[in-house]
Amino acid sequence: MDPVPRYKIAIVGAGPAGYFTAQALQNAQSDDLSFSIDMFERLPTMWGLVRSGVAPDHPKIKTVAKVFEKIASEPDFRLFGNVEVGTDLDIEELCPRYDAVVMCTGSSIGKTLGIPGEDLPGSLSAADFVPWYNGHPDYVNVNVPLDGDTAVIIGAGNVAMDCARMLGIEPTELDPTDTASHAHAALHASKIRKVYIAGRRGPEHAAFTAPELRELPKLEHTDVIIENSAVQEANERAQAAGEIDKQLASNLEAWRLIAEKPLEGHDRVMEFRFLSAPKEIKGTDRVEEVIFGINEIKGGKVVDTGETYSIKTNLVITAIGYHALPIKGISYRDGKVENDEGRVLGTNIYTVGWAKRGPSGVIGTNKSDASDVVKLLIEDLGPEPKNGGDISVVIPQAIKVIDQAGWTKINAAEVAAGEALGKPRLKEVDVAKLISLAE
């Protein structure tokens, strides 16, 4: 009996897209086809946005990590953590050694507004703020000024909502979470009491999901404000535009519930300001004020009325999307890996997740995305697997590779440290210490 052909696949990135790609490959195995999978991650820690992107007060979402660990426990899966493709390893060294290379490197650079004053201290991207409070080693020293009483979040998606909630809730609510220690201390000392969330279009266009919106009236120590008139007008515009789909109807109902909930006079307030387009951030040595243009909607289009208003603040966080950090040897366009439905044409490279499609969808979206791309990858496989040799021989000897056993030790150490404090884990943010925990 002929042996089952075993194809070697490299996955670059140990986040949801990477693990779901590995799962899709494992599920595609049969009596006639099998895979050995090598996953590469530039950090000593795994799970990508599940670890460094999901808000700490949403622990249920992080339980998907149990699925990732099951995927990693399967035979013929190897982990190469603390290895950066494009720096420690060139793409040119990967491709000849694998039948396919799948780029699952996400999008980590925040898009900018392109307005005056955006570079002032106190103006930062959610791409810096979110990993700061989540304990990403590269963002520990981000300067987040919390000495003023007001913060402004610019954006109308779930990332903007997470940023607003982290700043607007009573900090004791973060005590039982895995918020990074440095951020936890800073948020406890924060003087911010008013958080504005500004979107340039109407509530009916906002990309918040209904579950996120429905959580807001349940906040125990924070009043949430949206004007009743803004919700009514959004309903009227949505109805005038035609049939309202199920998701929009759910969102509009959630907005109504927020608008109609009586205010309780809390010290902390979150307020939504729609039809507000940021024009300029003002300040001398730091952010002092944001100027917004007032928009209206005419004929279904957002139109600048020419009127403005301003908000005094020392902290502006922009959450308007992400683009991918370029990696040497990979072609990018519009902030994504240049691809055709996941194929990087002319190569044995593929891409899944935000690196492929941009920052859209939820964590589970990557599962169907991975499944679709793996089908294409299998269609493209040659009749015989490559025998390009083991990648281990070209990883620089100075690199301390974190394998699955090492990551398991890091994970266990963090969980144990957290248990002593009543938290799910206590994240280590120093790379050298993380590497030592793996030994």
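The values are calculated or read from the model by the stated rules, or taken from the named source; none is laboratory data. Small disclaimer: the values here were computed from a predicted structure and weren't measured. Cβ coordinates were reconstructed from backbone atoms using ideal geometry, including for glycine residues, and neighbour counts include every protein chain displayed.
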* Search result, residues across the range 365-401 that are in contact with a Phe, Trp or Tyr (Cβ under 8 Å, 6 or more places away or on another chain) and among the hydrophobic types (A, V, I, L, M, F, W, C) -> 370, 373, 376, 377, 381, 391, 395, 401
* Asked: Failed condition for residue 115, given (1) under 21 Å from residue 352 (Cβ atoms); (2) modelled with pLDDT of 95 or more, with all others met?
  -> (1)
* Report yes if residue 50 is at pLDDT below 95, closer than 23 Å to residue 157 by Cα and buried (at least 18 other Cβ atoms within 10 Å of the Cβ), otherwise no. => no
* **Any hit, the range 389-407, residues being among the hydrophobic types (A, V, I, L, M, F, W, C), in contact with a Pro (Cβ under 9 Å, 6 or more places away or on another chain) and either surrounded by fewer than 20 Cβ atoms within 10 Å (Cβ to Cβ) or in the same structural domain as residue 30 (by TED's automatic domain parsing) (or both)** => yes
* Tell me which residues, restricted to the range 165-201, are under 25 Å from residue 281 (Cα atoms), crowded, with 22+ Cβ neighbours inside 10 Å and not aliphatic (A, V, I, L, M). => 165, 168, 196, 199
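The rows are residues; the columns are (1) in a helix (DSSP H, G or I); (2) among the aliphatic types (A, V, I, L, M); (3) touching a strand residue (DSSP E or B) at 6+ places or on another chain (Cβ under 6 Å); (4) in contact (Cβ under 8 Å) with a residue 40 or more places away in the chain.
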| site | (1), (2), (3), (4) |
| --- | --- |
| 379 | yes, no, no, no |
| 382 | no, no, no, yes |
| 389 | no, no, no, yes |
| 392 | yes, no, no, no |
| 397 | no, no, no, no |
* **Among (1) more than 28 Å from residue 432 (Cβ to Cβ); (2) among the acidic types (Asp, Glu); (3) touching a residue at least 40 places away in the same chain (Cβ under 8 Å); (4) not assigned by TED's automatic domain parsing to the domain that holds residue 62, the one test that residue 99 misses** => (4)
